[in-house]
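Down below is the structure, laid out as structure tokens.
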Amino acid sequence: MWMLFAILSAVFAAATSILAKIGIEGVNSNLATAIRTVVVVVMAWAMVFITSTQSGIGEISRKSWLFLILSGLATGASWLCYYKALQMGEASKVVPIDKLSVVITLVLAFIFLHEEFTLKSVIGCVLIGAGTLIMVL
């Protein structure tokens, strides 16, 4: 089931890039990011209430709060940079560079989460890096 959600995530991320590139024309990138963020916040809280999971807020540990807040800050920074890059550059070049996050995530997961870095993941990282370079040159 996780793979279905991962594929849907990729499809929605692709749609996000195209819709954003069209929508950001003539709009300040920070304002566009703020509008997008409000929509995401409303959608996320709607899902919390639809699934009746709001009661779990009190059970969240301090460590989880800290890392969720840090993750939110990282997301915000990523979105601000992404929208500015998308406004200034071509989607077909901005998006592949943004997706280098896959390579960076694998390296950080190895360092901080002690996840296995296999020959397969090394080859994948090299191919993603090479593919990104080819696409943006």
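Below is a table of values for the structure above.
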quantity: Trypsin sites (Lys or Arg not before Pro) within the stretch 1-94: DSSP coil, no more than 12 neighbouring Cβ in 10 Å; calculated: none
quantity: Mean Kyte hydropathy of -1.0 or more with a Cα span along the axis of at least 27 Å, helices from DSSP in the chain; calculated: 2-23, 29-50, 62-88
quantity: Over the chain: helical MRE at 222 nm, DSSP H runs n ≥ 4 each giving -39500 (n - 2.57), nearest 500; calculated: -27000 deg cm²/dmol
quantity: Euclidean distance between Cα centres, the stretch 1-28 to the stretch 35-84, Å; calculated: 17
quantity: Debye log10 I(q)/I(0) at q = 0.15, 0.16, 0.17 Å⁻¹ for the chain, Cα point scatterers; calculated: -1.01, -1.12, -1.23
quantity: Residue 59-residue 100 pseudo-label distance in nm [points 7 Å out on the Cα-to-Cβ vector]; calculated: 4.1
quantity: Gain on full stretching of the segment that runs from residue 90 to residue 122 - 0.36 nm per residue minus C-alpha separation; calculated: 8.7 nm
quantity: Pairs of Lys in the chain closer than 27 Å at Cα, counting only those 8 or more apart or on different chains; calculated: 7
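Any read-out appearing in this document is the output of simple, stated calculations on the displayed coordinates, not a laboratory observation. The structure presented is a predicted model; accordingly, all values stated were derived computationally and were not measured. Quick reminder, even Gly has a Cβ in these numbers, built from the backbone with ideal geometry, and neighbours come from all protein chains shown.
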